[in-house]
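Visitor: Sharing a structure with you now.
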Amino acid sequence: MKIKSLYILGIAALIGVGCKKSFLDVNTNPNSLPSATPAFVIANALNVTSTNMVGLNELGSYWSGQWTQSNGYILATTYFSYVFTNGDFNYWDGFYDNLEDYQYVINGADGAGQPYFKGPAKVMKAFVYQHLVDLYGNVPFTEALKGSAVLAPKFDDQKAVYESLITLIDDGMNDIKNNAFESAYASSDIMFKGSQSKWLQFANSLKLRILNHQSRISGRDGYIVAEVNKIVSSGAGWLSTTDAGLNPGYVAAAGQLNPVYNNWGYSETGAKRANNNFPRLTQFLVNSLKATNDTFRLKRYGYANGGENGSNPGVSVNAEVITNYTGVPFGISSGFLPAGCCALGPSLLVKGELGRPYVIMTAAETLLSLAELKQRFPAVTLSGTAQSYYEDGVRQAFRLVGSSTTNANTLLASGVDNCDFTASTNKLSAIAYQKWLALCNFNGVEAWTEYRKTRLPNTPQSVQVVNSDRPLRLFYPLTEFGSNGANVSAQGTIDVFKTKIFWDVN
Amino acid sequence: MMKIVSTMFAMLLCFSMVATAQVRVVTGTVKDDKGAPVPNASVRVKGATTAVVADNQGNFRISADENASLVFSAVGFGEIEQKVGKSAVFNVSLAKTVSELDGVVVTAQGLRKKAKEIGYSYARVTTDEVNVGRSPQLAQALSGKVSGLAVYNVNNSVDPSVKLVLRGYRSLTGNNDALIVLDGMQTTNTVLATINPNDVEDVIVLKGGQAAALYGSAGINGALVITTKKGTKGRLKVNYSNATNFDEISFLPQFQDKFGNGSQYYPYVFGQAGYSSDYLVRMRENWRSYENQQYGDQYDGSARIVGRIINAQGDKLVIPYSAIPNARRKSFDRGVSVNNQVSFQGGDETSSFYMSLENQKIAGIIPNDRAQRSGARFNAKKEYGKVTAAFNLSFVQADYDRTTADFYNDIINTASHIPLNDMRDWRANKFANPNGYFNDYYNNPYFNAETNRARYKDANIQGTTEITYRMLPWLSFYNRLGVMNNSRTQKNIQEQFLYSGYAKNTAYIPAPWQHDDDYPGIYRAITDQLGGVTDASSTENVVNNEFQANIEKNVGDFTNRLVLGYSVYQRQTKSISISSGSIVVPGVYNIANRQGNLAGSETTTKERKYGYYADLTTTWKGYLSLNGTFRYDATSRFYKADRSSDLYTYPYYGAALAFVVTDAFPQIKSKTLSYLKLKGSYNKNGNDNVSLYGLDLTYPNGSGFPFGNTVGLSVGNTLPDGNLKPEFVTSIEGGLEVQLFKNKVSLELTAYNQDSKGQVITVKIPNSTGFSNLLINVGQTKNWGYEADLRVQIINKSKLRWDASVKYSYNDNKVIDLYPGINEFQYGGYSYASTNVIKGMRFPILKTNGYNYAPDGSGMRQVNATTGYPLLNSSLVSRGGTLARDILGLGSRLVYNDFSFSFNFEYRGGGVMYSDLGRQMTFTGSGKWTENRAPQIFANSYYVDAAGKATPNTTVQVRETEYALWVNNYRLISENFVNPNWFIKLRDVNISYNLPASLIKKTKIFSGAQVAVYGRNLFTIIDKMNFYTDPEFSFTAGNGLGINNTGQTPPVRQYGINVNFQF
């Protein structure tokens, strides 16, 4: 019996030589970082904001009638027949994912000793929200981005969100003014390299865009005028000769090219992307430019039929004469094979120029917004005239696409309606048309927004659609509907052809 | 003493008296059905008390009357009766009985238990059953042979992937695959591809719940306990075997062979001036020489150009415009595989060993796809008094060379008049070369297949060492250390191909085949293939140690056995990959030979677990057994230094009861009922089903970062709940085993229910929270089923034996609960067809878009009132579960003298599948279902008239049947490609012949020889509306089974010949 208990003791001892807790201490992720700092997060957030714009700008370029597709493949019915559901065009998820990164910077900048990132993050947050409202109307704002604290964020009224954005930008501008960048971290600011003044200009341009979107709402004049006057009196100015473009350091490597170049242009090794075959300038765009003799810009927006000459970058394969520029009727599904019409031109794509900054907002747009604001609300304290802002805007638009001031001046003095301000019968329509052109190739989504706001210019309906319905917004995405159903349903039934964004008063 | 002697003398006298009258002495050997001696068999004279026991070699000697019958029997074998007659030498062969009641079964953690004592369900598959079809892979060989086991052959290639699921799914998003245990060691699925099925002695399938509880959370999905051969006592036995088999496509999707290449090129839009109302006119205009789609005009045998003028010399390929019979089938190769192996085994009273060498070469049905496996195994055991030491070691090397191109898709994008089979030599044949190949959109399939390769080499070493110390008769200790090391080195290459200037810019279509919208240059030539190389290596290392103390003590009528165990498990993986998207010097595949930057990644993981367990089996009077288990686990997956220990450690337990009614009440035994056992078990098991490092919110590198020195990080998207802990599965199981008609019929019935609570699932949360997913313990599922195993010995004569078995299982599951407010989430798939988890339904559920059906329930499908095209209802509607609910296996074996014939069928059904292949083939116009291109009214349709009334459609014709109906409408309605997923397959069949001993003896080399012909999946029956492919195929081996596409090559049948020699 004694021996027996000894054995049992022995077994117990053996089993008892169990593991210490530290044996299990191997659960720290060796593959992904467990913490971050605002400097690193904002660098990526800025880059994601630009890559998020690529698909959205493509959509906008189609729906504003600037681009369509060649017939090298089946046209997507989502784009050209407007057959789409809440499973299509989900920009929402990407935007909120991006916003979370900005929110992380806003929340953590002070604690991490990097307060100078707080202001830019706020301005960028407003930038992303502006797009969300323009695409979806009411969106979660006050309860959003709170992680597990609020798992079903309620939606805020779109107009209130728009107003909050102005406040948010003001707040961000104060932060920018009060916290100079530490030069060691300036490289994390892949947009303005730590330039306070440029951030302030960008912030003001964004405010002008937001205000201008609301300019056709009746009874909104007082608010808009007051806000514009605040911008004027801030003295920080706006983007007037430079654009807001960002560049994380594009190089010739997979995944590190300018995203537009990568998508529609060439690979890191210079092989033409198959996607290069698809986007084509519309017949309306090409013919409008021909009709107004704006051939300077036509040759920048598109390459002559046949596309870019790979061995002579920036130059078309075929002679760059007007007859070689063919536009494609919007949405047509046959008769325009890739080589028979205008591919995206050198203003956007030149082989080898893979390191151009990704432009998210232009001086031309800002100036043309000022022209419109001044034209609509003479009471604003802007120092220039609608005409001077208009003409500066057109000059900037020429600069943007790589054409000269001389050419711009020729157009401005051409006596042609919608080009020459003085000769234009309807100043607002001239501004709208020039803005539409200024946004072409660079900011399709803003062009679509402007179209929805003004219904100008009068671009033709898609060949594939029999009625006159055009999409005026997007559906709330399936992902949000599936996980935040009650709040989405509370927004009512969405009809993409009828449910308008609040600034769309047509 | 004197008394005994006299009694013996009397008996002797008695015997000799009988002998002198009519009794003869008979000698002989008792062997089993494979010719191995049956030791200690009993031989008795029927109706008399005379009986002897054969020796260890099966030799016996008995005296019997000429008219008497001898009855031969042995434990585990069926009885055989034979007339004595005139013959003096009997060589009797006994068949193993279907009943293994007295046998010992290896259960979880290597514990040996008597079959009678086991209160839960298990199955044993023996080496013979495994090797019927000579499958080179173990997993496939188990299909249909075990009730409750579903073997999903999700892909088909020279490196096929399989998924083994026991009793269906429990976990929504976690792992549902059965644990693989090899010679006692917990390993991973890797083993299934590397083990030589011939080395397998048996596979014990522990179906789940209590059966596998001792494996801890690893056993939550049941376990396959594979035991390899250990060698037998006796002289050295050498076995050589060669199997050569052929793979042939068993079926292809249904193709049309009426229309050649073309697409929607007809220049006029409906209603426009010039638009022709004759579809034949429009079809002719749709024909193009360079099209991948097959919507041209009907084949008419006219001479037409294929592609373009391909060079300055004006070379062109002009061939008859008519279909080549079986063009697609001929594009594939016939696969050949050759397997050679030799094994040695032997042993004496205290030791035994088994050694095998194997080489297997496979050439697949896709040209140039190859695989090779070479392996060796050495198992040995030695006893020294109280100590027994054993080890098992295997190492396997395997090479694979496969294409990464979608060969199948390239094939279906080729019209049936193209002589594809002549396009194999793309280097020499100018029309097969990319510079001259006709198709503007899809390159030559052979070019793509040959220039895009994945080449990888696996090296696997797996071994266990075991030591047992029998300290006292009632106490022994056992320790087993197992290690598995897998490594893979891989190089993926893409060959460089730069198009000629002529192909890019000049190649043109000459008269009379040209059209106005033609353009010079081959469309696909705009993008050169710059080549590339990816170099990757990965390793997996598993260490598993089990220590056990065994205490056996009988008290009165109780036999007791207690096992105390301690288990440690560690798994580490590491994979590194670097790649370059271009190469500079053609043909040199090294990342040094590149332009631009390298891309690369690294993943390292390590996980650890330990557990203590106890298993007590108490049997009362041999017929009532209670088995209780308890286990306490700790897992690193839930460990953090600051977390409370109840979040990462968890106890669980279970009990099983077995009651042998026929032993307790022998009076109920009859000629009909020989055996009845009732069994039941309850078990609660913990499961650490969280992805590795799932507790951390991470900050991964942003896409593209770092750009030079600019670092960019992103806040991760999955937010882990702070209180994550293991999930728990409660299983109850009950059943009975019955044997009838002297054990000739055996039936086992089992019912079970598994309730899985607090599942760790990734819940989709609104992206507006800033995160997309929340990892939390919320899901609850239920999983239940029935299993029936029937085995019948139809004939059991010495020369003729025939038995059959039927295995049926039904399994279903249900999602009881998800996260509040969340009713469903998606596993994956396409935007128009996906597999989902939906609350209140079985999972996974296939959802697709579909038709708008008439509100009156008539099943009529809405068409556009003007164009006649069917309307798409874009909302995704549930089409049913994708898992097979019913699985039925039917097997039989017939032995007559030296011939034997066996086969196994499997039926599976009760679910649905979606074939994206169907959508692809509708796009290309290669599917037979697109063949009706004449004007028509869309069948069984209605439209909504101007007054808003649903009206049966007898008038509105489809506007353009020759193209738009199919590509722009029918194709987009995914419901068209949903089908029932049932099938019947002849899994394996084998006819073998043992060469006669007399012949073998003459050779003086061999001691035995067999030759066999066999086949696998020789025929498959599927639903008549399933035009597409094998329902087993799936684009993923994850939980979201049920969707197939061109990534899975067509199903094959295999047949071959096998020769076996024993020395």
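Visitor: Quick one: grab the alpha carbon gyration tensor of the protein assembly as shown, order the square roots of its eigenvalues as a ≥ b ≥ c, and give me rounded if a/c is under 1.5, else prolate or oblate depending on whether a/b is larger than b/c.
Guide: It comes out prolate by the Cα gyration axes.
Visitor: Further, regarding this structure: Test of understanding: what is the full-extension gain from B:Glu602 to B:Val584, defined as 0.36 nm times their sequence separation minus their Cα-Cα distance?
Guide: Here the segment from B:Glu602 to B:Val584 would lengthen by 3.9 nm.
Visitor: Name the residues of the stretch A:125-167 whose amide N is less than 16 Å from a point 7 angstrom out from the Cα of A:Ile494 along the C-beta direction?
Guide: It comes to A:129-141, A:153-159, nothing else.
Visitor: Oh, and also: So which trypsin sites (Lys or Arg not before Pro) in the stretch B:779-862 pass both tests, a DSSP loop state and at most 11 other Cβ atoms within 10 Å of the Cβ?
Guide: Those that pass, being in a loop and sparsely packed, are B:Lys799.
Visitor: With θ taken as phi - 60° and the coefficients 6.51, -1.76 and 1.60, list the Karplus ³J(HN,Hα) couplings across the stretch B:193-202 in order, rounded to whole Hz; mark glycine and proline as x.
Guide: 7, 9, 6, 7, x, 5, 7, 7, 6, 7
Visitor: How large is ³J(HN,Hα) for each residue in the stretch B:570-581, as worked out from phi by the Karplus curve 6.51 cos²θ - 1.76 cosθ + 1.60 (θ = phi - 60°), to whole Hz, x for Gly and Pro?
Guide: For the stretch B:570-581, the Karplus curve yields 9, 10, 10, 9, 8, 9, 10, 9, 10, 8, 10, x Hz.
Visitor: Suppose all protein chains stay in the model; what accessible area per residue would a 1.4 Å probe give for the stretch B:630-786, in Å²?
Guide: For the stretch B:630-786, the solvent-accessible area averages 37 Å² per residue.
Visitor: On to the next question. Please give the FRET efficiency for A:Ala76 paired with A:Asn174, using the beta carbon to beta carbon distance and R0 = 51 Å, rounded to the nearest 0.05.
Guide: Efficiency, from the Cβ-Cβ distance: 0.70.
Visitor: Treating the angle as unsigned and between 0 and 90°, give the value, to the nearest 10°, between the Cα long axis of helix A:386-401 and the longest Cα principal axis of chain A.
Guide: 70 degrees
Visitor: Give the angle, between 0 and 90 degrees and rounded to the nearest 10, that separates the Cα long axis of helix A:2-16 from the longest principal axis of the Cα atoms of chain A.
Guide: 20 degrees
Visitor: Hey, how many Å between the Cα centroid of the stretch B:200-222 and the Cα centroid of the stretch B:621-661?
Guide: Here the two parts' Cα centres lie 14 Å apart.
Visitor: Here's another thing I want to ask about it. Projected area of the stretch A:354-498, taken from the Cα convex hull and averaged over every viewing direction, in nm²?
Guide: Taking the Cα atoms of the stretch A:354-498, their convex hull projects to 13.1 nm² on average.
Visitor: Tell me, what is the per residue accessible area of the stretch B:333-415 in Å², probe radius 1.4 Å?
Guide: I get 40 Å² per residue for the stretch B:333-415.
Visitor: Hey, another quick one. Leaving ligands, DNA and RNA out of it, report the carbon-plus-sulfur percent of the accessible area of the stretch A:362-431 at a 1.4 Å probe.
Guide: Exposed carbon and sulfur together represent 51 percent of the surface.
Visitor: Excluding B:Asn189 itself, calculate the net charge of residues whose Cβ lies under 11 Å from the Cβ of B:Asn189, where each Lys or Arg counts +1 and each Asp or Glu counts -1.
Guide: Around B:Asn189, the surrounding residues sum to -1.
Visitor: What percent antiparallel are the DSSP beta bridges of the protein assembly as shown, to the nearest 5?
Guide: 95 percent
Visitor: Given a 1.4 Å probe and every protein chain left where it sits, what share in percent of the accessible area of the stretch B:889-996 is carbon and sulfur?
Guide: 59 percent
Visitor: Using a 1.4 angstrom probe, figure out how much accessible area the stretch A:64-200 has per residue, in square angstrom, rounded to the nearest whole.
Guide: Ligands and nucleic acids excluded, the figure is 31 Å² per residue.
Visitor: Moving on. Taking Cα centroids, how far is the stretch B:476-496 from the stretch B:725-739 in Å?
Guide: 33 Å
Visitor: Please compute the contact order of chain A in relative form: average sequence separation of alpha-carbon pairs under 8 Å and at least six residues apart, divided by the residue count, as a percent.
Guide: 20 percent
Visitor: Among all helices in chain B defined by DSSP H, which have a length of 18 Å or more along the axis from Cα atoms plus a Kyte-Doolittle mean of at least -1.0?
Guide: Counting only whole DSSP H runs, the qualifying helices are B:2-21.
Visitor: Follow-up. Obtain the nm distance between the two label points defined at A:Ala186 and B:Asn701 by a simple spin-label model: each point lies 7 Å from its Cα along the Cα-to-C-beta direction.
Guide: 2.7 nm
Visitor: Pop out a list of residues from the stretch A:107-156 that are at least 40 Å² less accessible with all the protein chains around than in their chain alone; 1.4 Å probe, no ligands or nucleic acids counted.
Guide: At a threshold of 40 Å² (probe 1.4 Å), the residues of the stretch A:107-156 that become less exposed are A:Gly147, A:Leu151.
Visitor: Using protein chains only (no ligands, no nucleic acids) and a 1.4 Å probe, work out which residues of the stretch B:693-712 have their accessible area cut by at least 40 Å² relative to the chain alone.
Guide: B:Tyr693, B:Thr698, B:Tyr699, B:Phe705, B:Phe707, B:Thr710, B:Val711
Visitor: May I ask you to find the residues of the stretch A:332-380 that are shielded by at least 40 Å² of accessible area once the whole protein assembly is considered instead of their isolated chain (probe 1.4 Å)?
Guide: Listed by number, the residues meeting the 40 Å² cut-off are A:Ser334, A:Leu337.
Visitor: How many square angstrom of accessible surface are buried between B and A, both sides summed, with a 1.4 Å probe and rounding to 100?
Guide: 6800 Å²
Visitor: Also, quick follow-up: Note down the net charge around B:Val89, summing +1 for each Lys or Arg and -1 for each Asp or Glu among other residues with Cβ under 15 Å from its Cβ.
Guide: +4
Visitor: What distance in nm lies between label points placed 7 Å from Cα along the C-beta direction at A:Asn107 and B:Asp128?
Guide: The answer from the label model is 6.7 nm.
Visitor: Please identify every one of the trypsin sites (Lys or Arg not before Pro) in the stretch B:339-389 that sits in a loop by DSSP and has no more than 15 other beta carbons within 10 Å of its own beta carbon.
Guide: B:Lys386
Visitor: List the relative contact order of the stretch B:650-776 as a percent without decimals, with contacts defined as Cα pairs under 8 Å and 6+ residues apart.
Guide: Across the stretch B:650-776, relative contact order equals 26 percent.
Visitor: All other residues with a Cβ under 15 Å from the Cβ of B:Val269 taken together, and with Lys, Arg as +1 and Asp, Glu as -1, what is their net charge?
Guide: Surrounding charge for B:Val269 is -2.
Visitor: Now a separate question. Over chain B, what is the relative contact order in percent, taking alpha-carbon pairs closer than 8 angstrom and at least six residues apart?
Guide: In percent, rounded to a whole number, it is 11.
Visitor: Going down the list B:Lys381/B:Lys1002; B:Lys114/B:Lys725; B:Lys807/B:Lys928; A:Lys122/A:Lys500, which pairs span over 32 Å between their C-alpha atoms?
Guide: Beyond 32 Å: B:Lys381/B:Lys1002; B:Lys114/B:Lys725; B:Lys807/B:Lys928.
Visitor: Working from Cα positions, state the angle (0 to 90°, nearest 10) between the long axis of helix A:118-136 and the longest principal axis of chain A.
Guide: The angle comes out near 70 degrees.
Visitor: How large is ³J(HN,Hα) for each residue in the stretch B:872-886, as worked out from phi by the Karplus curve 6.51 cos²θ - 1.76 cosθ + 1.60 (θ = phi - 60°), to whole Hz, x for Gly and Pro?
Guide: 3J(HN,Hα) across the stretch B:872-886, in whole Hz: 8, 9, 6, 6, 7, 10, 5, 10, x, x, 9, 7, 6, 8, 10.
Visitor: Per-residue ellipticity at 222 nm for the protein assembly as shown, helices alone: DSSP H runs ≥ 4 residues times -39500 (n - 2.57), over residue total, nearest 500 deg cm²/dmol?
Guide: It comes out at -6000 deg cm²/dmol, rounded to the nearest 500.
Visitor: Counting only protein heavy atoms, what percent of the accessible surface of the stretch A:112-173 is carbon or sulfur at a 1.4 Å probe?
Guide: 48 percent
Visitor: Any idea how far apart B:Asn560 and B:Val336 come out in nm if each label point goes 7 Å out from Cα toward Cβ?
Guide: About 6.6 nm separates the two model spin labels.
The values are calculated or read from the model by the stated rules, or taken from the named source; none is laboratory data. None of these values were measured; they are calculated from a predicted model. Quick reminder, even Gly has a Cβ in these numbers, built from the backbone with ideal geometry, and neighbours come from all protein chains shown. Side chains are part of the model used for accessible areas, which takes the heavy atoms of the whole protein and leaves out ligands, DNA and RNA. Shrake-Rupley method; radii C 1.70, N 1.55, O 1.52, S 1.80 Å.
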